[in-house]
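Following: one structure in structure tokens, then a few remarks.
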Amino acid sequence: MSSKTKSSAQKFLIEAAMKLHKYGTPSHRLERVLSKVAESLGIHGEFFYTPTALVISLTEPSGDEMTVVRRVTAGAFDVDKLIRFDQLLGQVEGGEIVLGKAINQLAEIDNASHLYSQPVYAVACSVACMCVAVFFGGSMAEVCIAGVIGAVVAGLELLHERQQWEHGLLEPLAGVVAAIGSILVARYLFPIDDRLTTLAGLIVLIPGLRLTVALTELAVGHLSAGTARLAGAMVCLATLFVGVALVWRMARVLRPVIELPSDSANHWRWIALAVAPIAFAIVFRAGYKQWPIIAMVSILGVVVSWAIEPKLGVEVASFFGALAIGCSSNLYARVRNVPAMVPQTPGMLILVPGSLGYRSFSALLEQHTVQGVQYGFTMILIAVSLVGGLLVSNAIVSPRRIL
């Protein structure tokens, strides 16, 4: 390998690692796929990835070794860009594209605008929050208010990204806005459960998916990445709830007496289940062509979970729901030769137990200690069950592509 080709290969691997990290690739998948690509280029690559650091060691057949350390920050999950990155990696691995052109395409994909405009993203977040409120058994008024709060929170998220506010500011600010909005509506407009609308309105920011990914990384032996991601998820959840708790304490006299919400009609749950996967697909920036498979996989996982839960409990239901999502995602990945993460990630989001972590903090704040501990324990148990289902699905139906 000439010095120019060697330099191009090293640059490509470093840039690819940073781009895959930026758009939400878990550590175990990133390290495996890049090690395989490096091998195809005649380089032995060692990749060590945590949510805030990337260490890359590249060794040439001659014995020359180069080690690179990069400070990195994980961004939002972007299905469309991950698909394009995966296709490019496949071309490089198969020798179908020269490295110089591949490096340029990496930059083009990274700099490309998001698949959906900001208003469409905000509407998708709003619809997702409304669907979650239906799953929580909210009334029509609570569902609508949750949608409005979700749209406002999405606007704050986009403003935070545009203005480049201090990292960590978004979560408590969103908690304050959601809690104030819910209390004011409950006090002066409609008799709603402000706790339910606050939780549903914040659902896009609650890090349930990060918690499940963290436990998956721990389960497959990526202890540094898993521990860091788990700590980050818990801190994110805590800061999110801090904003809510401050409002609840300061506006205690405004909070009305809360009645238990009446469950929504059963047919609304099915309507919400049909709509929610598309909303989450837009939130994750999946293309139109991916909507049908994302909807099918998501609905399959939830239906399996709902069917099993009354008989065997939520933990067993979560396991088999994740198993159904994992197997169907891997099967789709084998047939279409695309990343299994495409349908798997939006599908898992509906099952992840992030709302239980919020409820645990809420119960502890109101001095319901036993209930708070129970919620927290159930959250961890469900997350572990989801991880178990995904790991078993990989053994039953292994995906063709690592991503």
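The values are calculated or read from the model by the stated rules, or taken from the named source; none is laboratory data. Here the structure is a predicted model, which means the values were calculated and not measured. These area figures cover heavy atoms from the full protein model, side chains too; ligands, DNA and RNA do not enter into them. Shrake-Rupley method; radii C 1.70, N 1.55, O 1.52, S 1.80 Å.
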Candidates F190, F320, F361, ranked by Gaussian network fluctuation over the chain, Cα under 10 Å, top entry
F190
Note, the range 298-315: 3J(HN,Hα) by Karplus (6.51, -1.76, 1.60, θ = phi - 60°), whole Hz, Gly/Pro = x, goes 5, 5, 4, x, 5, 4, 4, 5, 5, 6, 8, 4, x, 9, 10, x, 5, 5
Residue by residue through the range 282-292, the couplings from Karplus 6.51 cos²θ - 1.76 cosθ + 1.60 with θ = phi - 60°, in Hz, x for Gly and Pro, are 5, 4, 8, 6, 8, x, 4, 5, 8, 4, x
Carbon plus sulfur fraction of accessible area for the chain, probe 1.4 Å, in percent:
62
Summing -39500 (n - 2.57) over every DSSP H run of at least 4 in the chain, dividing by its residue total and rounding to the nearest 500, the 222 nm mean residue ellipticity is -24000 deg cm²/dmol
Can you tell me which of V392, V342, V220 moves the most in a GNM of the chain? Springs connect C-alpha atoms under 10 Å apart.
V220
Given a 10 angstrom Cα cut-off, can you work out which residue in F377, F47, F284 is the most mobile in a GNM of the chain?
F377
Rounded to the nearest Å, the spacing of the alpha-carbon centers of the range 111-162 and the range 324-403 is 21
Semi-axes of the range 1-153 from the Cα gyration tensor (sqrt of 5 times each eigenvalue, largest first, whole Å) come to 41, 16, 12
Excluding residues fewer than 8 positions from K22 in its own chain, the aspartates and glutamates with Cα under 19 Å of it are E31, E46, D78, D80, D86, E108, D110, E157, E161, E166, E217
Measuring with a 1.4 Å probe in the full set of protein chains, what accessible area per residue, in whole Å², belongs to the chain?
44
